[in-house]
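Below you'll find the structure, written out as structure tokens, and then a few comments.
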Amino acid sequence: MSESTNQHYQVLARKYRPATFEDMIGQEAMVTTLQNAFKAGRVAHAFMLTGVRGIGKTTTARLLARALNYESDSVDGPSVELGTLGKHCDLIMSSSHMDVLEMDAASRTGVENMRELLDGVRYAPATARYKVYIIDEVHMLSAGAFNALLKTLEEPPDHAKFIFATTEIRKVPITVLSRCQRFDLRRVEAGALKDHLSKICVKEGANVSDEGLALIARAAEGSVRDSLSLLDQAIVQSGLDGADVSGEQVRTMLGLADRVRILDLFALAATGDGKGALTEMRSQYDDGAAPEIVMRDMLDICHEVSRAKTLGIDADFDAAPDQVKRLQDLAEALSLGQLTRIWQMLLKAHNDVRMAPAPLAAAEMALLKISVAGQMPPPELAAQIIAQMKEGNFTASVSDAKVPVSDKGSNNAASSISEGPAPTSNTPPNSTSLPATSPATASSGQGPTAQASAPIMAPQAVEASKPNVIFNSIEELVAAIPDRQIQLKSDIKRYVRPIRFKQGSMSFEPAEGAPVSLTGKIVTALKDITGELWIVSPETSGGGETLNERAKREKAEQDAKDRSHPAFSHPLLANAKLIGIRTIDIPDIDNPSGEPTSDKSNVIDGNFGEDE
């Protein structure tokens, strides 16, 4: 490559900057609004553009300036149809037009700078239709500069237009925002960004694999400029021979770990395998993965697993089918309480790793912390376990957290969960009983309580005298609750919308107005009646009728059926008020004993005539 070519090379972020509104990707809502406003002649005098870095704020400001001053042989008025270069377009896009003034508020923040800029507002434009003032990073202006701008911004001359751009919209005074038409530029979705990069690769004659483009699009976090800068860097990975750039090369360039290995690491830590997690973390570090990026990727995995847990089959993922299956398996193995606990730990770990003098050490300690939490029961059971520990004896169980991991890394992710005695008839399905020990041993710190593999030590099991009560429905549960707990029985009838009910676990959707303590009271009642610690899960949707709602529906259906009785067809009973229909036994007069026979007759109870 010649020296002159090197000197005139233009980076992709500048070379492929949008020249028209149609070239912008991911901003369809804003483009449609502007097109309609220009066509209707309802163009604001001030615009506020906000969004993350590299999303197109400055480009949009210049396109707006071109649209306001567009003038060609066939068009003489503001227009968003910029396919043909107008009289002022070249000068405006090169930031050299005398009637389009651009100011960087980050370097000119004072009130004097603002007064200097606004001195020329009262003068008409020299050659263009409007004087356009573009102020980038407007949130950096001082309070005095904003005050100097306010009056002119509220009542500008007809020939002046203002366009502001900022990444920190909350730092802009509300008095300024209220005088502007605001547009929030959205992050570009990874799929749309990947397609955009693919088209540019075709134009540039570059060969970057689909996996590499997907990694770049994801790493750009919705920023078009960032993605083009990374693509510029990725293209040169092929060298001068123009060879294909693989996903592995892009991953190495970005300092990313393999996504499958991140899934392995997450599974190992979440299920309590501290040794396996540290081994995998060190292996990824040796392969070039940055600890900070590993923590961020684990946050992404935690978020996706949480979505899979909550949305189920409705969850949509931008990943390979085998990875989606891994995410769904993790969602099945972990509860929402465990996932939110892991999220909080990873969020703190991400900040700690960024600030730590030894990032790898901080990442490993965070993984150990998550591993210890992974050996504990889900947070949903914590309150019940503590209550039973205070009583001196309890049977506790934790969800079977066996999670499939790939051949990479340790395959013993779930084996570190302590193995206790075989589940008894009082143990909920799919659960592993915790080992039992005496209170004296637990308090002295001797025996299993001193080992990391036994996170919670249960005292003696519940007395064998506890009845082995089996419930098959919510109705059986309500019937078994003692009458002294009439309030609980009433709350279950009114607020519990059943979803799933089986021995050892139930889930329901709380109806509107349900008490906050309802779930805990149900768990306590089930424990008192059955001797088991049930898993009771409130969910946000999917519940059926409450018992009260079903009773009202059945009563209405029965009333309608009773009304269809032939007796009501008589004209004299047209205004009768139905009280009820009952079946009575008719004694047989030929039966001297007077005992009723099988002959029966229906008797209608009712008020005849007008309702009282």
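Note on the stretch 180-289: enclosed helices (runs of 4 or more DSSP H) holding 1 or more residues that are in contact with a Pro (Cβ under 9 Å, 6 or more places away or on another chain), under 29 Å from residue 367 (Cα atoms) and at pLDDT below 90 are 274-286. Screening residue 158 against (1) within 30 Å of residue 249 (Cβ to Cβ); (2) free of Cβ contacts under 8 Å to residues at least 12 places away in the same chain; (3) not aliphatic (A, V, I, L, M) leaves a single unmet condition, (1).
Per the listing 57, 15, the residue uniquely out of contact with any Phe, Trp or Tyr (no Cβ under 8 Å at 6 or more places or on another chain), surrounded by 17 or more Cβ atoms within 10 Å (Cβ to Cβ) and within 30 Å of residue 234 (Cα to Cα) is 57. Selection over the stretch 128-153 of residues that are touching a helix residue (DSSP H, G or I) at 6+ places or on another chain (Cβ under 9 Å), of a type outside the set (Lys, Arg) and not in a helix (DSSP H, G or I) gives a count of 9. When the stretch 214-239 is limited to residues that are without any contact (Cβ under 8 Å) to a residue 24 or more places away in the chain and either at negative phi or in contact with a Phe, Trp or Tyr (Cβ under 6 Å, 6 or more places away or on another chain) (or both), the one that is surrounded by the most Cβ atoms within 10 Å (Cβ to Cβ) turns out to be 237. The set of residues from the stretch 80-100 being under 42 Å from the mean Cα position of the chain (by Cα) and surrounded by fewer than 18 Cβ atoms within 10 Å (Cβ to Cβ) comprises 81, 83, 94, 95. Residue 170 passes every criterion in (1) surrounded by fewer than 14 Cβ atoms within 10 Å (Cβ to Cβ); (2) within 30 Å of residue 71 (Cβ to Cβ) apart from (2).
Would you please list the contacts, defined by Cβ atoms under 7 Å and residues six or more apart or on different chains, that run from a residue in the stretch 502-520 that is under 20 Å from residue 470 (Cα atoms) to a residue that is hydrophobic (A, V, I, L, M, F, W, C) and in a strand (DSSP E or B)? Hits for this filter: 504/535; 505/535; 506/536; 507/499; 508/496; 508/499; 519/536.
Would it be correct to say that residue 151 is at negative phi, basic (Lys, Arg) and in contact with a strand residue (DSSP E or B) (Cβ under 8 Å, 6 or more places away or on another chain)? Answer is no for this residue. Being under 39 Å from the mean Cα position of the chain (by Cα) and touching a residue at least 40 places away in the same chain (Cβ under 8 Å) is the filter here, so list the residues in the stretch 471-484 that pass it. Matches in the stretch 471-484: 471, 474, 475, 477, 478, 481. Answer with yes or no whether residue 65 is farther than 20 Å from residue 166 by Cα, in contact with a strand residue (DSSP E or B) (Cβ under 9 Å, 6 or more places away or on another chain) and either assigned to a helix (DSSP H, G or I) or hydrophobic (A, V, I, L, M, F, W, C) (or both). So residue 65 fails the test. Output yes when any residue across the stretch 289-302 is surrounded by fewer than 22 Cβ atoms within 10 Å (Cβ to Cβ), more than 17 Å from the chain's Cα centre (by Cα) and more than 13 Å from residue 259 (Cβ to Cβ), and no when none is. Yes - at least one qualifying residue is present in the stretch 289-302.
Assess whether residue 74 counts as being assigned to a loop (DSSP other than H, G, I, E, B), at pLDDT 85 or above and either farther than 30 Å from residue 142 by Cα or in the same structural domain as residue 17 (by TED's automatic domain parsing) (or both).
No: the conditions fail for residue 74.
Within the stretch 123-138, residues that are under 17 Å from residue 78 (Cβ atoms) have Cβ atoms under 6 Å from residues that are surrounded by fewer than 20 Cβ atoms within 10 Å (Cβ to Cβ) in these pairs: 124/159; 125/159; 130/159; 131/125; 131/159; 133/101; 134/102, counting only partners at least 6 apart in sequence or on another chain. Among the residues of the stretch 173-183, those identified as loosely packed, with under 15 Cβ neighbours inside 10 Å and either among the polar types (S, T, N, Q) or not assigned by TED's automatic domain parsing to the domain that holds residue 49 (or both) are 175, 178.
Restricting attention to the stretch 157-181, the residues that are under 20 Å from residue 122 (Cα atoms) and in contact with a strand residue (DSSP E or B) (Cβ under 7 Å, 6 or more places away or on another chain) total 8. Can you tell me how many residues within the stretch 328-349 are under 20 Å from residue 294 (Cα atoms), touching a residue at least 40 places away in the same chain (Cβ under 8 Å) and surrounded by fewer than 21 Cβ atoms within 10 Å (Cβ to Cβ)? Selection size over the stretch 328-349: 2. Of all residues in the stretch 525-553, those that are of a type in the set (Asp, Glu) have Cβ atoms under 6 Å from Cβ atoms of residues that are part of a loop (DSSP other than H, G, I, E, B), 6 or more apart or on another chain, in 532/426.
Each row is one residue, and each column tells you yes or no for (1) assigned to a helix (DSSP H, G or I); (2) polar (S, T, N, Q).
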residue: 84; (1), (2): no, yes
residue: 91; (1), (2): yes, no
residue: 98; (1), (2): no, no
residue: 106; (1), (2): no, no
residue: 113; (1), (2): yes, yes
residue: 122; (1), (2): no, no
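Among the residues of the stretch 20-33 satisfying the criterion of being buried (at least 17 other Cβ atoms within 10 Å of the Cβ) and either modelled with pLDDT of 90 or more or touching a Leu at 6+ places or on another chain (Cβ under 7 Å) (or both), which is nearest to residue 62 (Cα to Cα)? So the residue we want is 21.
The values are calculated or read from the model by the stated rules, or taken from the named source; none is laboratory data. Just so you know, these numbers come straight off a predicted model, no measurement behind them. Every residue, glycine among them, receives a Cβ derived from its backbone with ideal geometry; neighbour counts consider all protein chains shown.
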